[in-house]
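Okay, so here's the structure we're looking at.
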Amino acid sequence: MRPGAATFSAMSATVPVRQGLFTDTDPPHLLGGRCAACGHHHFPHHDICPYCASEDTEPAELSAMGRLWAWTAVTHAPPGYKGEVPYGFGVIELPEGLRVITRLTEPDPAKLHFDQSMHMVTEVLHVDDEGRPVVGYAFAPVEVP
Amino acid sequence: MRPGAATFSAMSATVPVRQGLFTDTDPPHLLGGRCAACGHHHFPHHDICPYCASEDTEPAELSAMGRLWAWTAVTHAPPGYKGEVPYGFGVIELPEGLRVITRLTEPDPAKLHFDQSMHMVTEVLHVDDEGRPVVGYAFAPVEVP
Amino acid sequence: MSDVEVAGVGLHPFGRFEGVSISDMGVTAVRGALREAGVGKGGFQAAFCGTAYGGVATGHKVLGALGMTGMPIVDVEAGCASGAAALMLGSKAIGAGQYDTVVVFGVEKMPRGIIRSSFFEPWQEEAGLAATPAYFGLRAQRFMQTSGVTKDHLAAVVVKNRRHGAHNPDAMYRSDVEAADVLASRVVCEPLHLWMLCSPNEGAAAVVLRRADKGTSARHGAAVQLDSAVLRSHLPGAVLSESTPMAGLTDDTLPTPTTLAATAAYEEAGLGPRDIDVVECQDTDAARELMSYEELGLCAAGGAAEMLDAGVTSVGGRLPVNPSGGLLSKGEPLGASALGQVVELVHQLRGEAGARQVHGARVGLAHTVGRGANAGVVILRR
Amino acid sequence: MSDVEVAGVGLHPFGRFEGVSISDMGVTAVRGALREAGVGKGGFQAAFCGTAYGGVATGHKVLGALGMTGMPIVDVEAGCASGAAALMLGSKAIGAGQYDTVVVFGVEKMPRGIIRSSFFEPWQEEAGLAATPAYFGLRAQRFMQTSGVTKDHLAAVVVKNRRHGAHNPDAMYRSDVEAADVLASRVVCEPLHLWMLCSPNEGAAAVVLRRADKGTSARHGAAVQLDSAVLRSHLPGAVLSESTPMAGLTDDTLPTPTTLAATAAYEEAGLGPRDIDVVECQDTDAARELMSYEELGLCAAGGAAEMLDAGVTSVGGRLPVNPSGGLLSKGEPLGASALGQVVELVHQLRGEAGARQVHGARVGLAHTVGRGANAGVVILRR
Ligand SMILES: [Zn+2]
Ligand SMILES: [Zn+2]
């Protein structure tokens, strides 16, 4: 079994937007993979390494912390999206050598800066027809106390 | 102006499924075209001859009478069709040297035979959102008195 | 022109696969073909993907999932002949010396139910003229009027192909049927009953092509050569052409796209219909298979019924047609079906077809025709 | 390999055309190109049609309406580079001696509003990750971080291209704009404002290609040669690649598909960026044009802003880019846009471009890149 993959049980009040993308541990982690042949991480997890084509890959939890590499905001709802706008949108660089496309909790680009510390969170995207909150992954600025 | 092309006026209670396919004279006629370069008729009318690529074409009313060349029946509503099933479906050979794909008023293939005399009619396909009957072309067996 | 060899083939079975994406199926087929060919990342210089309904960047997603991109990837649509079009492009490019090795694949995940195609105009749909099986029915009826083919012959085609398909683990339907049951299935469009029509479905097929002088596959002793891969469209004028015009001329002499493609393919391969040992042909419906016998020159005009009756086109006969079970057994995933035929022929020519093996087959012909109109004819030789 | 000549070009203007079908537009473009080339029915042996959203049998419908079918017709999808893919296939086939004359065309009638593409998976749509302009915004922001390009430069690209487009009767927008107005238009995705993004729209473009030794067009003295037409996909690994992966590697050395295609095209044509006199390049957004300067090797890394500021890429400068007005003026009908660039370059090289003429232009380069990822680079010479 993949780490954390079964943690969204039928008991859970929420549903993940897709199975196998992230854990519901605290803090949550993205569920990627690592290729034994080339050593690169990838996300989401694939059976085949998307960089070297090796089939020698295994699931890997990715770091919950990363740094902001690019960011913008989405101001109009894209196709198939039922949630609120605006929302932040960007790329986080993780210590595994991976850059991940992600929603950002901060929708104002002016409040973000390059190399900012960010941590992974889950957020409710919308509520489905059966009344269940559908949850996706996002990154939030690390609050400096 | 094409012969008969303007005869479906705003006063008309019905609307043709497409402008320029047939007259609303009695009897109605299909509105095809004839190419001066190769002499072939075509249907519906095009500015370019679909057989020889000449641009020397002109509109032409086609014969109201023809002969049955192939037939079947449609038993399930095809995509985008809002009318009744079953309906007859076939090919009529017109004296202009043209074979035309058409609905047939007779939905029972067993009641039709090769080379049968057929004449063109209009028939209501369905009633549109504004309550207007939408009219298409069809061929009906010539009744032998 | 360099000789072109089939270095490897791969297949994802044809059927319905809930939860399996079009990319997943493509990956299975392409990976299989690459493995057979002994080709890895960096081992091919171009890719051609046939699909009719796959949407934007279909081929790229398959190769992206495999981590194998960077080369030109061309996604091709030619209706039922999409895979044949892709094969034509890939093989000509090798023949011309543009590439040494290319991957050609076809994938499809057909929508369920009646397909709402962009092919017809809105007024044609509203008038009930977008009735795809009715055109098949008209074609079948005309053919019966001129050829001596009866409904019993149509049922016999289904019986033959389902009998073949019962031995094909990659087919969707793998059971024998009786003629009486075929004739008892509901009428879709006279003269065609439900069981005489193939089912649109899902699947993928892949072929690795290689310049013959670049060395044969280590794994497979019997090298298969691609002698020709031809694509043709229709000539204007035939009212029941797969281009589905609203009218046509009273001219029965116009060659069909299948005949155009076959003629060119025989010429390209330097052989004729009598040299063919095994055929995979378009059996969208049972009449379509019999028409293909004539259009491909496998028999004279009016000779299809007799050819079928005599068992010539059954496995065990002189010229088995659709030993795979045809589309009537496999179903038809548009973009994948032409290459599925090629995969079958390669297995046949290698002698790997198991219980449906056509013994001693040396030359095979694959034929697809459909909307566009497009016809593809491929000739393979060992 | 035989030399390939552009025997004729044709265009349907780019814009929005209510009641004009995709086939109608294709007919206008193809007819124009055939007329210039002096080619009639039977005068070409194959056709290649680029389209992304045209649906089944798009090319067949255009040629069917012209009464010109029977030959192989291949419909190709490669996103924004669809027309370039078609041109690559057509020109290589002539170069290989497969055909003497081919018609290559591209057509599109883009749906209005945000395009719901099959490109993204349902979960990506549900998560708001199918946000196409946001990817453009991220790319633009990264480029600004590394290149010295500012928002004022992005506005200046729009001002330049709209100034060029004001002289192009076939463009959708034919008026000058001020930088202040560009910056005052609403923010779509920082740093991109509405006027910095091109509009998806409708149009068609066509090219007749001919083996050079088969005689030049009687009508046009200045024969234009097709020196290269290259298509490349992306290499895996770049997070902001047009292949739109959900993650990528921390590796900034990976060549982009544009650079892969340009490198191959220069090699094929036997020349380099310094030999180019006029460029039509992908300006889906204003930043994309400036990135292309670097990726095509027109300037060194970090040199785009200076090149723009110095007026090098304006008509009248040393190396005008997008004299047609670019996609920012013309709009982008996906399947047609790459061949629209080729039509512009042919007019430029023939000296027929009127008020936007690049004087003395002898070598032109056309560049497209987009979803797939696919990049196309075409080099033309008179
Ligand atoms: Zn790897
Ligand atoms: Zn004519």
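Since every read-out is calculated from the coordinates, none of them should be taken as a lab result. Keep in mind that this is a model prediction, so the values were computed, not measured. In this analysis, Cβ positions are derived from the backbone assuming ideal geometry, glycine residues included, and neighbour counts consider all displayed protein chains.
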- Cysteines not pairable in the protein assembly as shown (beta carbon separation under 4.7 Å absent): C:49, C:80, C:189, C:198, C:281, C:299, D:49, D:80, D:189, D:198, D:281, D:299
- Query: Residues of C:82-91, mean number of Cβ from any other protein chain within 10 Å of their own Cβ, rounded to a whole number?
  - Reply: 2
- What is the pair-distance distribution P(r) of chain B, computed from all Cα-Cα distances in 5 Å bins starting at 0, with each bin given as a whole percent? 2, 10, 18, 19, 19, 17, 11, 4, 1
- Once Lys and Arg are counted +1 and Asp and Glu -1 for all other residues with Cβ under 13 Å from that of residue C:79, the total becomes -2
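What number in nm² do you get for segment D:307-355 if you take the convex hull of its Cα atoms and divide its surface by four?
Values: hull surface 14.9 nm².
Its Cα hull, projected and averaged over all orientations, spans 3.7 nm².
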- Using the beta-carbon distance between residue B:65 and residue C:274 and R0 = 51 Å, what value does 1/(1 + (r/R0)^6) give for FRET efficiency, to the nearest 0.05? 0.65
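With a cut-off of 8 Å between alpha carbons and a minimum separation of six or more residues, what is the relative contact order of segment A:20-62 in percent? Numbers along the way, then the final one.
Numbers: 89 pairs, mean separation 16.2, N = 43.
Value for segment A:20-62: 38 percent.
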- Query: Any idea what the alpha-carbon Rg over 2.2 N^0.38 Å comes to for segment B:20-62?
  - Reply: 1.14
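Looking at segment B:49-145, which trypsin sites (Lys or Arg not before Pro) are DSSP coil and have at most 13 other C-beta atoms within 10 Å of their C-beta? Mind showing how you got there, number by number?
Numbers: sites: B:67, B:82, B:99, B:103, B:111; in loops: B:82.
Passing both the DSSP loop test and the Cβ count: B:82.
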- Projected onto the charge dipole of the protein assembly as shown (unit charges on the beta-carbon of Lys, Arg, Asp and Glu, signs +1, +1, -1, -1), the Cα from C:341, D:27, D:110 with the largest positive-side position is that of C:341
- To one decimal place, what Kirkwood hydrodynamic radius in Å is obtained for segment B:63-145 from all pairs of distinct Cα atoms? 13.3 Å
- Summed side-chain charge close to residue D:269 - residues other than residue D:269 whose Cβ falls under 12 Å, Lys, Arg +1, Asp, Glu -1: -4
- Message: Using alpha carbons only, how many angstrom separate the centre of segment C:47-74 from the centre of segment B:50-127?
- Response: 42 Å
- The rounded separation in angstrom of the Cα centers of segment D:362-382 and segment C:225-246 is 32 Å
- What residue among A:122, A:83, A:140 has its Cα farthest toward the positive end of the dipole of segment A:63-145, where the charges are +1 on Lys, Arg and -1 on Asp, Glu, each on the Cβ? A:140
- Net +/- balance of residues flanking residue C:381 in space, Cβ distance below 11 Å, scoring K and R +1, D and E -1: -3
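What value, in deg cm²/dmol to 500, does the helix sum -39500 (n - 2.57) over DSSP H runs of n ≥ 4 give at 222 nm once divided by the residues of the protein assembly as shown? It would help to have the intermediate numbers written out before the result.
On the way: 24 runs with 262 residues, N = 1054.
Result for the protein assembly as shown: -7500 deg cm²/dmol, rounded to the nearest 500.
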- According to a simple spin-label model (label point 7 Å from Cα along Cα-to-Cβ), what is the distance in nm between residue B:132 and residue D:45? 5.2 nm
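Based on Cβ point charges of +1 for Lys and Arg and -1 for Asp and Glu, what charge dipole magnitude is obtained for the protein assembly as shown about its Cα centre, in debye rounded to the nearest 20?
Working: 82 positive and 114 negative charges, 287 e Å.
In debye, rounded to 20, the protein assembly as shown gives about 1380.
How many percent of the alpha carbon pairs in segment C:154-219 exceed a separation of 16 Å?
Numbers: 1293 of 2145 pairs.
Counting every Cα pair in segment C:154-219, those more than 16 Å apart make up 60 percent.
With the cut-off at 19 Å, tell me which of the pairs C:41/C:214; C:61/C:109; C:92/C:330; C:109/C:330; C:41/C:92; D:61/D:330 have Cα atoms farther apart than that. Don't skip to the end; give the middle numbers.
On the way: C:41/C:214 17 Å; C:61/C:109 14 Å; C:92/C:330 29 Å; C:109/C:330 14 Å; C:41/C:92 22 Å; D:61/D:330 25 Å.
Violating the 19 Å Cα-Cα cut-off are C:92/C:330; C:41/C:92; D:61/D:330.
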- Task: Starting from the Cα gyration tensor of segment D:49-207, multiply each eigenvalue by 5, take the square root, and state the resulting semi-axes largest first in whole Å.
- Result: 35, 21, 16
- Arrange C:172, C:88, D:196 by Cβ neighbour counts within 10 Å, fewest through most, would you? C:172, D:196, C:88
- Partner shielding of C:225-235, as the mean number of partner chain Cβ atoms within 10 Å, equals 3
- Message: Taking each residue in D:135-141, count the Cβ atoms of any other chain within 10 Å of its Cβ, then average. What number comes out?
- Response: 5
- Can you sort A:61, C:36 so the residue with the fewest Cβ neighbours within 10 Å comes first? A:61, C:36
- Per-selection metrics, chain D (Cα): Rg and Dmax in Å: 19.3, 58
- Shortest first and in nm with one decimal, please list how far the residue B:15 label point sits from its counterparts in the other copies (point 7 Å along Cα→Cβ). 4.0
- With the convex hull built on the alpha-carbon atoms of segment C:1-134, volume per residue in Å³ sits at 130 Å³
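I need the fraction of alpha carbon pairs in the protein assembly as shown separated by more than 38 Å, rounded to a whole percent. Intermediate results must be reported in sequence, preceding the final value.
Numbers: 276562 of 554931 pairs.
Tail fraction, whole percent: 50.
With the contact rule set at Cα under 8 Å and sequence spacing of 6 or more, what percent relative contact order holds for segment D:1-121? Don't jump to the answer; show the numbers that get you there.
Details: 192 pairs, mean separation 37.9, N = 121.
Relative contact order for segment D:1-121 comes out at 31 percent.
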